[in-house]
Amino acid sequence: MVKLSPNGAYLIGGTEIVEDNGEAAAILASKLASVPDKAEAARNTIAYNILTAHNTSGNDAKLEIKFDKLTSHDITFVGIIQTARASGLEKFPIPYVLTNCHNSLCAVGGTINEDDHMFGLTCAKKYGGVYVPPHQAVIHQFAREMLAECGKMILGSDSHTRYGALGTMAIGEGGPELVKQLLNKTYDINMPGVVAIYLTGEPAKGVGPQDVALAIIGAVFANGYVKNKVMEFVGPGVAGLSADFRIGVDVMTTETTCLSSIWKTDDKIKEFYDIHGRSEAYKELNPGDVAYYDGVVYVDLSAVKPMIAMPFHPSNTYTIEELNANLEDILHDCEKKALVSLDGQVDFELTSKIRNGKLYVDQGIIAGCAGGGFENICAAADILRGHSIGSDEFTLSVYPASTPIYMELAKNGRLADLMETGAIVKTAFCGPCFGAGDTPANNAFSIRHSTRNFPNREGSKLQKGQISSVALMDARSIAATAANKGYLTAATDIDVEYTGPKYHFDSKIYANRVFDSHGVADPSQEIQFGPNIKDWPEMAALPENLIIKCVSEIHDPVTTTDELIPSGETSSFRSNPLGLAEFALSRKDPLYVERAKEVQKAEKAREAGKCMGEAFPEIRDIMHKIKETYDVSKENTGVGSTIFAVKPGDGSAREQAASCQKVLGGWANIANEYATKRYRSNLINWGMIPFTIDEGELPFANLDYIFIPNIATAIKDKASSVKAYVVNKDMKEFELKIGELTDDERRIILAGCLINFYKEQ
């Protein structure tokens with residue numbers, strides 16, 4: 001089904017793979033008149049050519065990228081624009097689309113959510129942007145329909161910013177990276193590796209894009225095979241996939257921890273652009289005659305079976321056939337893993353879902369940027385036509401990804417087919433994906449064609465003693481399960497004729513409702529603020545020395561951004577830095593906020609020129625001990641907090657996972673490694689040092705103080721590591737690694753955050 005190459009490989013003529021082993025040179029020589037060297041062949045990938053076309057540095061090893069377009073949604077654009085305004089924003093320099101698909105219910109927090117929307121509308125007018133009102137489209141579907149262009153690059157403040165199937169290299173990042181683009185700065189990265197996703201065969205009837213995506217994720221996540229690399233989809237199997245199918249696979253590449261994705265394009269992608277009235281956006285993209293890749297993921301599409309990702313990660317994958325054949329064993333294994341994921345905070349069990357030897361599911365959801373596509377929903381309607389979901393616990397909700405899709409489903413009768421079965425069809429909304437809609441009952445089990453199934457992504461709250469769980473599946477198998485009244489069923493196990501209706505895109509709803517400035521700013525427009533929209537608090541520059549207290553220690557193998565700052569109901573506070581910070585780590589370590597605030601008292605006193613010991617007496621003994629060796633004072637030594645996590649930052653691009661720590665006085669994170677590039681970048685952009693430490697027994701424990709002398713000098717001098725001390729009755733020395741930082745990243749850390757950095761400029 002999925003196999004990984006142990007080596008890099010050459011792709012010849014877009015079809016034939018030659019692995020880079022001892023026989024490669026002879027094979028290439030027998031097939032080619034002229035054999036390029038590896039470096040030359042690496043420049044023939046689609047990814048390399050798009051990246052270099054957008055690079056402004058003149059050095060293709062050190063990229064400084066300028067994107068063509070930007071996109072954000074309503075729990076990220078307020079903070080981004082507020083940061084950019086504080087840094088001198090006058091006009092959006094490139095198209096910037098503000099969609100409203102996360103806080104669109106306007107049901108939590110009184111007027112808070114709609115205030116954010118009005119902020120977005122008035123900013124689109126003032127700075128020359130595009131505003132997509134609530135319920136019109138989820139962020140990524142609008143981008144596919146209206147923004148994507150072959151060979152272009154889009155940066156989005158959502159981790160699932162992926163339009164590679166449409167020939168657009170798109171990257172999801174934290175808000176500060178969009179701020180840089182708004183201020184005509186660049187996105188700075190080393191040239192990433194490129195891994196070929198080599199597709200062969202054709203999917204079996206009933207196998208959908210989520211099945212293919214989960215098979216890939218299960219093979220590459222844990223081993224980091226594509227981490228921070230670009231996934232380039234090539235091979236003869238691409239041609240047999242529709243545009244919608246490719247899009248469904250592509251959006252899930254985020255869950256592999258890759259940097260971005262890109263696909264070869266063909267007439268099916270041309271047809272997509274034609275249907276959407278943007279034929280000029282199409283261009284054929286192919287790798288060169290001989291292209292070199294840093295690895296190969298072989299995917300035999302014909303061998304892929306209906307898949308399920310069990311709680312609590314998209315990589316926890318099984319075939320549905322395997323799960324049904326080994327129900328008790330696999331469910332028991334999930335329960336054991338949950339003891340780690342949930343820290344034993346609640347009782348969690350799945351085996352009670354076994355009824356008459358089958359797995360009973362409480363809820364099905366087909367939604368968002370992954371599941372809400374036209375073909376997915378039409379296939380689900382075909383499966384359900386003439387059936388009923390029943391009148392027991394099981395429920396089914398369907399969220400088309402955009403109003404144009406909803407309109408076409410109404411016109412072609414699929415909407416009526418679904419509703420007749422007992423399914424509920426709702427407007428475009430991302431809520432089920434991040435815990436703000438269709439929250440199941442306590443201990444309920446939900447199957448979803450959405451993007452993630454981390455703990456609490458479905459909206460339950462550990463701190464309130466609630467837990468339910470999500471498994472990821474394809475819309476087709478969700479519909480088959482619904483037709484079987486909640487008993488888990490693979491779509492390949494049912495007999496159905498898929499009608500495959502043609503899609504007709506109606507742009508009138510956007511023309512009538514979406515505000516598009518066409519890039520013309522109106523400086524006279526007043527921005528409409530609400531009482532919950534707050535400016536970022538003042539943040540101090542990095543002092544010469546640091547004293548940081550470890551106020552949370554997390555030993556899970558991976559810590560998600562949802563655990564660093566919860567999604568769901570907290571979205572109403574995303575425009576209020578201090579209000580949102582109260583939720584930081586609340587699902588993982590409820591004592592974190594209180595502990596961080598206590599330590600912050602010393603730093604606030606220092607910044608005010610007052611005695612730190614009076615504000616926070618605990619710091620006195622620490623300072624006295626350090627003074628035995630180092631000349632420290634409130635003038636040259638800052639005090640704050642840090643957390644340790646084994647591998648933090650998997651999942652969302654949300655900058656608040658870092659900014660909330662900064663608002664509470666965080667100066668650093670310490671980790672064995674960072675799960676994603678974007679989380680590490682978020683730390684840096686909020687003036688926090690992304691320290692790493694070798695795996696093994698930690699030299700410090702939770703609530704220990706760590707002294708880092710001359711850290712500002714080390715950052716200035718481009719040191720790769722620093723010595724630090726655990727301060728107790730004595731001072732125990734150990735090493736903290738800083739890792740590679742660009743010159744601007746060092747300046748940002750020294751300034752205290754990106755806002756300060758731009759103010760200095």
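Laboratory data are not the source of any read-out in this text; all were calculated from the coordinates shown. Values in this document were obtained by computation on a predicted structure and should not be read as measured data. For neighbour counting, all protein chains shown are included, and Cβ atoms are generated from backbone atoms with ideal geometry for every residue, glycine included.
Distance from the C-alpha centroid of segment 491-540 to that of segment 621-680: 35 Å, rounded to the whole angstrom. Most tightly packed first, judged by the mean number of other beta-carbon atoms within 10 Å of their residues, the peptides 440-446, 467-473, 619-625, 497-503 read 467-473, 440-446, 619-625, 497-503.
How high is the FRET efficiency from residue 582 to residue 728, r the C-beta distance, R0 35 Å, rounded to 0.05?
Numbers: r = 31 Å, r/R0 = 0.87.
Once rounded, the FRET efficiency stands at 0.70.
Put simply, when 676-689, 575-588 are sorted by average Cβ atoms within 10 angstrom per residue, most first, you get 676-689, 575-588.
Comparing Cα centroids, segment 200-217 and segment 1-45 end up 26 angstrom apart. Summarising the amide proton neighbourhood of residue 295: residues at separation of 5 or more, or on other chains, whose placed amide H is nearer than 5 Å comprise 9, 196.
The separation of segment 314-377 from segment 574-597, counted between C-alpha centres, amounts to 30 Å. Measuring against 26 Å, Cα to Cα, the residue pairs 627/677; 627/716; 125/508; 126/270; 336/485; 185/677 contain 627/677; 126/270; 336/485 as the ones spanning a longer distance.
Here the Karplus curve 6.51 cos²θ - 1.76 cosθ + 1.60, taken at θ = phi - 60°, turns the phi angles of segment 311-322 into couplings of x, 10, 7, x, 8, 7, 9, 9, 6, 4, 4, 5 Hz, with x standing for Gly and Pro. Applying the Karplus relation 6.51 cos²θ - 1.76 cosθ + 1.60 with θ = phi - 60° to segment 2-9 yields 3J(HN,Hα) values of 9, 9, 10, 6, x, 10, x, 7 Hz, where x marks Gly and Pro. The magnitude of the dipole of segment 656-761, with charges of +1 and -1 set on the Cβ of Lys/Arg and Asp/Glu and taken from the Cα centre, is near 380 debye.
Indicate, rounded to the nearest 5 percent, the antiparallel portion of the DSSP beta bridges found entirely in segment 602-733. Working shown, then result.
Working: 6 of 15 bridges.
Once the DSSP bridges in segment 602-733 are tallied, antiparallel ones form about 40 percent.
Considering segment 220-272 at the alpha-carbon level, its Rg and Dmax are found to be 11.9, 37 Å. Backbone amide hydrogens, once placed in the peptide plane, bring residue 471 within less than 5 Å of 446, 447, 448, excluding anything fewer than 5 places away on its chain.
For the chain, what relative contact order do you get, as a whole percent, if you take Cα pairs closer than 8 Å and at least 6 residues apart?
RCO, the chain: 14 percent.
Near the amide H of residue 233, under 5 Å away, which other amide H atoms are found, from residues 5 or more places off or on another chain, if H is placed in the peptide plane? Sorted by chain and number, the residues that satisfy this are 197, 262, 263, 264. What the phi angles of segment 177-190 give under the Karplus curve with 6.51, -1.76 and 1.60, with θ = phi - 60°, is a coupling list of 5, 6, 4, 4, 5, 5, 9, 6, 9, 10, 9, 9, 9, 6 Hz, glycine and proline written as x.
Axis angle, to the nearest 10 degrees, between helix 77-86 and the longest C-alpha principal axis of the chain: 40 degrees. Based on the Stokes-Einstein relation at 10 °C and a viscosity of 1.306 mPa s, and on the Kirkwood radius from alpha carbon pairs, segment 317-416 is assigned a translational diffusion coefficient of 98 µm²/s.
The share of alpha-carbon pairs in segment 66-188 lying farther apart than 23 Å comes to 24%.
Just how many % of Cα pairs in segment 165-270 lie over 16 Å apart, if you round to the nearest whole percent? Intermediate results must be reported in sequence, preceding the final value.
Numbers: 3355 of 5565 pairs.
In whole percent, the share of Cα-Cα pairs in segment 165-270 beyond 16 Å is 60.
I need the Kirkwood Rh of segment 435-535: take the reciprocal of the average 1/r across all distinct C-alpha pairs and report it in angstrom. Over segment 435-535, the inverse of the mean reciprocal pair distance is 18.5 Å.
Where both bridge residues fall in the chain, DSSP classifies roughly 40% of the beta bridges as antiparallel. The alpha carbons of segment 2-140 give a radius of gyration and a Dmax of 23.5, 71 Å, in that order. Normalised by the number of residues in segment 310-493, what is the relative contact order in percent for Cα pairs under 8 Å and 6+ residues apart? Relative contact order, segment 310-493: 28 percent. Inverting the pair-averaged 1/r between distinct Cα atoms of the chain gives 26.7 Å as its Kirkwood hydrodynamic radius. Here is the size of segment 545-760 from its Cα atoms: Rg then Dmax, 16.1, 48 Å.
In units of 2.2 N^0.38 Å, what is the alpha-carbon radius of gyration of segment 310-493?
On the way: Rg = 15.7 Å, N = 184, 2.2 N^0.38 = 16.0 Å.
Relative to the rule-of-thumb radius for its length, segment 310-493 sits at 0.98.
Using the Kirkwood radius over C-alpha pairs as Rh, can you work out the diffusion coefficient of segment 153-200 via Stokes-Einstein at 10 °C, viscosity 1.306 mPa s, in µm² per second? Diffusion coefficient, whole number: 130 µm²/s. Sorting the segments 182-188, 507-513, 460-466 by their residues' average number of neighbouring beta-carbon atoms within 10 angstrom, most packed first, yields 182-188, 460-466, 507-513.
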